[in-house]
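To start, the structure itself, in structure tokens.
Derivation of every value follows stated rules applied to the coordinates shown; laboratory data play no part. Computed from a predicted structure; not experimentally measured. Every residue, glycine as well, gets a Cβ built from its backbone with ideal geometry; the counts of neighbours run over all protein chains shown.
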Amino acid sequence: MLSFHTIAALVFHVNDFVNATIAVLKGGPLDASDQLSFNCPPISSEGDWKALLQKTRTDAEELANLIEQMPEEQLAELFGDGKFGTSYRCLRGPIEHCHYHLGQIAVINTVLKSRGEFATVD
């Protein structure tokens with residue numbers, strides 16, 4: 001039997017990388033683990049789902065604000081400890097990462113709807 005990540009797990013995963021980027025922009029180290037980023041807490045109620053979405057939206061807004069405040073010259077500078085290249089590269093990467101997983105979410109949502117199962121990504 002095939003096993004796929006849930007929509008919630010993908011949302012949590014993407015937001016984990018948003019949070020890692022925020023931490024670096026605030027002067028902290030780049031501390032992200034692809035393996036740990038899928039450790040989504042159980043979503044057992046609509047309230048849990050809405051809380052995950054709200055946190056994701058709030059964190060995305062914070063990241064957008066931090067990027068808007070960056071001087072343009074900083075985009076050419078090394079990001080954090082420089083291990084992964086420039087700020088431009090390390091900001092563009094999570095955007096592409098988000099797009100990739102949004103595509104997965106769209107496919108999962110389509111499959112669930114075709115089976116008559118409830119799926120929403122409000």
Which one, SER87, ALA60, VAL11, projects farthest toward the positive side of the charge dipole computed for the chain from Cβ point charges (K/R +1, D/E -1)? VAL11
For the chain, I need the span (max minus min coordinate) of the C-alpha atoms along each principal axis, in Å, sorted largest to smallest. 51, 28, 23
How big is the dipole moment of the stretch 52-94 about its Cα centre under a simple scheme where the beta carbon of each Lys and Arg is +1, that of each Asp and Glu is -1, and everything else is neutral? Debye, nearest 20, please. 280
Please give the calculated 222 nm ellipticity per residue for the chain, where each DSSP H segment of at least 4 residues contributes -39500 (n - 2.57) and the sum is spread over every residue; nearest 500 deg cm²/dmol? -20500 deg cm²/dmol
Across LEU30, LEU53, LEU78, the residue with the highest GNM fluctuation in the chain (Cα network, 10 Å cutoff) is LEU78
My understanding is that a pair violates if its Cα-Cα distance is over 23 Å; which of LYS26/LYS50; LYS26/LYS83; LYS26/LYS55 do that in this structure? LYS26/LYS50
Per-residue HN-Hα couplings for the stretch 20-33, Karplus 6.51 cos²θ - 1.76 cosθ + 1.60 at θ = phi - 60°, whole Hz, x for Gly and Pro? 5, 5, 4, 4, 5, 5, 8, x, x, x, 7, 10, 9, 10
In debye to the nearest 20, the charge dipole size for the stretch 23-69, taken about the Cα centre with +1 at each Lys and Arg Cβ and -1 at each Asp and Glu Cβ, equals 60
